[in-house]
Amino acid sequence: MVTPEVEGKMNHIVLVSLLLSVSWATCSSKIHENFIQCMSTEFNSYTKSFQTIFTPQSPLYSYILQSSKQNLRWLNSTSKPQLIITPFHESEIQAVILCSKKQGLQVRVRSGGHDYEGLSFLCKTPFIIIDLVNLRGIEMDIEDETAWVQTGATLGELYYAIAKKSRVHGFPAGLCPTVGVGGHVTGGGFGILLRKYGLAADNVIDAYLIDVNGRILDRQGMGEDLFWAIRGGGGASFGIILSWKIKLIRVPPTVTVFTVPKTIEQGATKLVHRWQYIAGKLHEDLFIRIVIQNVGGESTSNKKTVEASFNSLFLGSIDRLITLMNESFPELGLVPENCTEMSWIESTVYFAGFQKGSPLEVLLDKTQLYKAKFKAKSDFVTEPIPEFGLEGIWERFLEEGLVFMIMDPFGGRMNEIPESHIPFPHREGNLYNIQYLVKWDEDEARATHKHVSWIQMLYRYMKPYVSKSPRAAYLNYRDLDLGTNKHANTSYSEAKAWGMKYFKGNFKRLVQVKSKVDSDNFFRSEQSIPSIHT
């Protein structure tokens, strides 16, 4: 972080540079002029003489706006920001917050762009986007087994940085490398190491946040209540996270992976049914998830069917894995030929879906691998689904085009962490999480309605088989079907409709924290924690 003394000496020169970088001729809107004037005259700003403010008339505005949208469903949305800010320094973000309040603008903050419902770049009222693409520094301290990670960094960049320093360290977060660290951690952040080490947010030990008053606060400065809230409660409701201090975890030099696909005809139904009883009770070194999709049907000789892929990471060697599988899940029939030994960092490439032998540098690629039009929903399962219930899922899958159902097992370390430890409450008692996804290529609104209606139908079908009172959901699989805040002063009872599903009993505490730190509800969206005045 730059010291106030250095910052002060550079302000005059840098502010001139900032103003020159913005084309005043293109700022036809009074909002643009007022905002830029506010930034340049009232608040400190430190840049590297690069353009950081983009108006709709700027040549790069559209490119920046679209570049990190991962859900192409929102690609042509008419909701456009008044300005896009790509800061290089925290003082620019401080200025943006304070100037936005003065100008009556809302703020949206974007790191990786994976927000399923587009809330990080869409808004119904005049707004600006703070895109953290330039705040992606990672400082490793292997001796202390910690790292400071700026929130614009991606998971792939974090994994790559760890691997460059150590073969026996890792971090328990998601498997998609283009996800931004900032948003991932604020939702909890689970991945294939959760049964051994819990969530990404469980392994955060400090943070820097800019609050509604423009103050930069670390854990001590913000206090334990706010530090609790931003680790799984959706950080965008409380401020703008600048960076996380994370605790690295130990991984063995060699891990083992396997993917065993089984169609309905090959006994997938009985295997999935059996998996439900054992996946959360396996040794915590062993994680087996299931990815279900419909396959085939592209020709008369290739009948359409449903396939369940048993996809696994084991923190150890093939020999030990085979022994455990023979004891716990012999029905799968795993043999050494199904398995591959590799390093942990190579396993992150494997689970990201890259081809075997791909260089580690693919983890740094932020291009098209995950971009698609899609709608997602989520559930938590507390009792095994009976075989006839699974068969009903398969029937519905065969009615749709490109659909997925991803089942991530819990248990292990997740059972040991109390529900109230952080806002993410889905701990002991949950067998697994389900993510439902439907993807499509068509551009027509009618096609979007058709596919969204299909996944809503599947969600209704699943109601008897999943968690109840509330029917829980995962914040990072954001779903506006669960309910939204209709206005800036949403009541507790209105927000509770969706809030209890994400946070269960932790929702009330989140509202209390929000009401204390952002009483005017400046940081808000369709699903933000409301501020309640007593």
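The values are calculated or read from the model by the stated rules, or taken from the named source; none is laboratory data. Just so you know, these numbers come straight off a predicted model, no measurement behind them. Quick reminder, even Gly has a Cβ in these numbers, built from the backbone with ideal geometry, and neighbours come from all protein chains shown. Accessible surface areas use protein heavy atoms only, side chains included; no ligands, DNA or RNA. Shrake-Rupley method; radii C 1.70, N 1.55, O 1.52, S 1.80 Å.
A few remarks follow.
- Residues located in region 482-534, provided they are open to solvent by 40 Å² or more (accessible area, probe 1.4 Å) and among the basic types (Lys, Arg): LYS486, LYS496, LYS501, LYS504, LYS508, ARG509, LYS516, ARG524
- Any chance THR259 is in contact with a strand residue (DSSP E or B) (Cβ under 9 Å, 6 or more places away or on another chain), part of a strand (DSSP E or B) and more than 20 Å from GLN150 (Cα to Cα): yes
- Conditions (1) in contact (Cβ under 8 Å) with a residue 24 or more places away in the chain; (2) open to solvent by 40 Å² or more (accessible area, probe 1.4 Å); number of the one not met by THR125: (1)
- Among the residues making up region 143-170, those that are aromatic (Phe, Trp, Tyr) and either open to solvent by 20 Å² or more (accessible area, probe 1.4 Å) or within 15 Å of the chain's Cα centre (by Cα) (or both) are TRP148, TYR160.
- A count restricted to region 77-98 and to residues that are open to solvent by 40 Å² or more (accessible area, probe 1.4 Å) and touching a residue at least 40 places away in the same chain (Cβ under 8 Å) stands at 4.
- Meets criteria (touching an Asp or Glu at 6+ places or on another chain (Cβ under 8 Å), hydroxyl-bearing (Ser, Thr, Tyr) and surrounded by 14 or more Cβ atoms within 10 Å (Cβ to Cβ)) for THR448: yes
- Enumeration of residues in region 65-76 that are open to solvent by less than 20 Å² (accessible area, probe 1.4 Å) and in contact with a helix residue (DSSP H, G or I) (Cβ under 9 Å, 6 or more places away or on another chain): SER68
- Looking only at region 107-121, and only at residues there that are open to solvent by 20 Å² or more (accessible area, probe 1.4 Å) and touching a Lys or Arg at 6+ places or on another chain (Cβ under 8 Å), the one that is farthest from THR55 (Cα to Cα): TYR116
- Residue within region 282-294 that is open to solvent by 40 Å² or more (accessible area, probe 1.4 Å) and part of a strand (DSSP E or B) present: yes
- Of the criteria (1) at pLDDT below 95; (2) under 25 Å from ASN430 (Cβ atoms), which one GLY296 fails: (2)
- Condition check for SER528: touching a helix residue (DSSP H, G or I) at 6+ places or on another chain (Cβ under 6 Å), within 26 Å of SER100 (Cα to Cα) and either small (Gly, Ala, Ser) or modelled with pLDDT of 95 or more (or both): yes
- Set side by side, the residues ILE434, ILE393 differ, and just one is open to solvent by less than 60 Å² (accessible area, probe 1.4 Å), within 16 Å of LEU175 (Cα to Cα), in contact (Cβ under 8 Å) with a residue 40 or more places away in the chain and outside any loop (DSSP other than H, G, I, E, B), which is ILE434.
- Hits in region 319-345 (condition: under 32 Å from the mean Cα position of the chain (by Cα) and without any contact (Cβ under 8 Å) to a residue 40 or more places away in the chain): MET325
- Among residues of region 461-474 that are closer than 15 Å to PRO386 by Cα, those with a Cβ under 6 angstrom from a residue that is in a helix (DSSP H, G or I), sequence gap 6+ or separate chain, pair up as TYR465/GLY389.
- The sole residue among ILE205, ILE230, ILE240 that is open to solvent by 20 Å² or more (accessible area, probe 1.4 Å) and β-branched (Val, Ile, Thr) is ILE205.
- Hits in region 295-338 (condition: open to solvent by 50 Å² or more (accessible area, probe 1.4 Å) and either of a type in the set (Val, Ile, Thr) or in a helix (DSSP H, G or I) (or both)): THR300, ASP319, ARG320, THR323, ASN326, GLU327, PRO330, GLU331, VAL335, PRO336, GLU337, ASN338
- Search result, residues across region 128-139 that are out of contact with any Gly (no Cβ under 6 Å at 6 or more places or on another chain) and either in a loop (DSSP other than H, G, I, E, B) or in contact (Cβ under 8 Å) with a residue 40 or more places away in the chain (or both): ILE128, ILE129, ILE130, ASP131, ASN134, GLY137
- Matching residues, region 396-416, being more than 19 Å from the chain's Cα centre (by Cα), farther than 30 Å from HIS449 by Cα and surrounded by 17 or more Cβ atoms within 10 Å (Cβ to Cβ): GLY411, GLY412, ARG413
Yes/no matrix, rows are residues, columns are (1) β-branched (Val, Ile, Thr); (2) outside any loop (DSSP other than H, G, I, E, B):
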position	(1), (2)
TYR63	no, yes
LYS69	no, no
PRO87	no, no
GLU92	no, yes
VAL109	yes, yes
GLY113	no, no
SER120	no, no
CYS123	no, no
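- Leading residue by the ranking (surrounded by the most Cβ atoms within 10 Å (Cβ to Cβ)) among those in region 351-361 that are closer than 20 Å to LYS165 by Cα and touching a residue at least 40 places away in the same chain (Cβ under 8 Å): LEU360
- For region 268-280, the condition holds for no residue, the condition being that it is open to solvent by less than 30 Å² (accessible area, probe 1.4 Å) and in a strand (DSSP E or B).
- Of all the numbered requirements in (1) in a loop (DSSP other than H, G, I, E, B); (2) farther than 19 Å from TYR477 by Cβ, ILE97 misses one, and that requirement is (1).
- Residue check for LEU364: more than 21 Å from VAL291 (Cα to Cα), open to solvent by 60 Å² or more (accessible area, probe 1.4 Å) and touching a helix residue (DSSP H, G or I) at 6+ places or on another chain (Cβ under 7 Å): yes
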